[in-house]
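Working notes, structure below.
The values are calculated or read from the model by the stated rules, or taken from the named source; none is laboratory data. Because the structure is predicted, anything quoted here is derived from the model rather than measured. Methodologically, a virtual Cβ is constructed for each residue, glycine included, from the backbone with ideal geometry; neighbour enumeration extends over all protein chains shown. We work out accessible area using only protein heavy atoms, side chains counted, and drop any ligands, DNA or RNA first. Shrake-Rupley method; radii C 1.70, N 1.55, O 1.52, S 1.80 Å.
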Amino acid sequence: DQQVKQNSPSLSVQEGRISILNCDYTNSMFDYFLWYKKYPAEGPTFLISISSIKDKNEDGRFTVFLNKSAKHLSLHIVPSQPGDSAVYFCAATSYNTDKLIFGTGTRLQVFP
Amino acid sequence: DGGITQSPKYLFRKEGQNVTLSCEQNLNHDAMYWYRQDPGQGLRLIYYSQIVNDFQKGDIAEGYSVSREKKESFPLTVTSAQKNPTAFYLCASRPAYMNTEAFFGQGTRLTVV
């Protein structure tokens, strides 16, 4: 049972435009959500997170939106840059279990 | 510098042999995790631990074992019972019972021949 899903395996965006990566979850007990960026043969690096008490969090070019009723979150990258090309993972956890579950990832390619 | 270290970077083993992957952190984190990455499969949770001498199975624990004798260390043993052990293994740590990010090591590529 895949509790965290990223239904788009890949996304291609032109430099300067907006990239929108989506993530759905099934467990209503999740209360904290994270986005990571990953290059091949390296560990993921943390980008941005959001608590379930919020519906938006911004950090520079990155904004995460959370829609609890739809069990959906999205990562917006504006403007997209070629250096953003990587695989992006969303993850979810709950305060009382610490079990950290990742999605399957979306490969973002930003072209000039 | 504080961080999380996985060793070795590349590991080769013959089929049927057990192999142990190392994960050490000096971040003073209570929670530690092991994930496996296969192409198109994302990061799948193998085991995690919230405190010394305690750990829980993740979603794909069969064929793996762990120990947590020290706060800093969370080694993963890939046993001969694991049917498809060739993969990229990632270790992570974070404070327990806190909504904060996890930090990852650089991973170990295990190839079983």
- Query: Using modelled amide H (1.01 Å from N, peptide plane; none on Pro or chain starts), what sits under 5 Å from the amide H of residue A:48, excluding residues fewer than 5 places away?
  - Reply: A:35
- Note on the structure: Of B:98, A:29, ordered by accessible area with the largest first and a 1.4 Å probe, the sequence is A:29, B:98
- Message: Can you pull out the GluC sites (Glu not before Pro) in segment B:62-96 whose DSSP state is coil and whose Cβ has at most 15 other Cβ atoms within 10 Å?
- Response: B:62, B:69
- Among A:91-102, A:31-42, how do they line up from the highest to the lowest mean number of other beta-carbon atoms within 10 Å? A:91-102, A:31-42
- Query: Any idea how far the Cα center of segment A:79-101 sits from the one of segment B:16-47, in Å?
  - Reply: 17 Å
- Note on the structure: Loop-resident chymotrypsin sites (Phe, Trp or Tyr not before Pro) in segment B:48-105 with no more than 14 other Cβ atoms inside 10 Å, DSSP not H/G/I/E/B, are B:97
- Item | Neighbour-limited loop hits for trypsin sites (Lys or Arg not before Pro), segment B:1-110 (at most 13 other Cβ within 10 Å; DSSP other than H, G, I, E, B) | B:9, B:14, B:83
- Scalar couplings 3J(HN,Hα) for segment B:40-54 by Karplus 6.51 cos²θ - 1.76 cosθ + 1.60 (θ = phi - 60°), nearest whole Hz, x for Gly and Pro, are x, 10, x, 9, 10, 7, 9, 9, 8, 9, 9, 7, 4, 6, 9
- Task: Can you check what the net charge comes to around residue A:12, using other residues whose Cβ is under 14 Å from the Cβ of residue A:12 (Lys, Arg +1; Asp, Glu -1)?
- Result: 0
- State, as an integer percentage, the relative contact order of segment A:33-112 based on alpha-carbon contacts under 8 Å between residues 6 or more apart. 26 percent
- Note on the structure: Along segment A:37-51, Karplus-curve 3J(HN,Hα) (6.51, -1.76, 1.60; θ = phi - 60°) to the nearest Hz, with x for Gly and Pro, reads 10, 9, 9, x, 6, 10, x, x, 10, 5, 10, 6, 9, 8, 8
- Task: Could you work out the local net charge near residue B:94, counting Lys and Arg as +1, Asp and Glu as -1, over the other residues with Cβ closer than 10 Å to its Cβ?
- Result: -3
- Query: When the accessible area of each residue in segment A:34-49 is compared between its chain alone and the complete protein assembly (1.4 Å probe; ligands, DNA and RNA ignored), which residues differ by at least 50 Å², being lower in the assembly?
  - Reply: A:41, A:44
- Counting only residues 5 or more places away or on other chains, whose amide H sits under 5 Å from the amide H of residue A:15 once H atoms are built in the peptide plane? A:111
- Message: Residue by residue through segment A:88-104, what is 3J(HN,Hα) from phi via Karplus (6.51 cos²θ - 1.76 cosθ + 1.60, θ = phi - 60°)? Round to whole Hz and write x for glycine and proline.
- Response: 10, 10, 9, 9, 9, 8, 10, 4, 8, 10, 6, 6, 10, 10, 10, x, 8
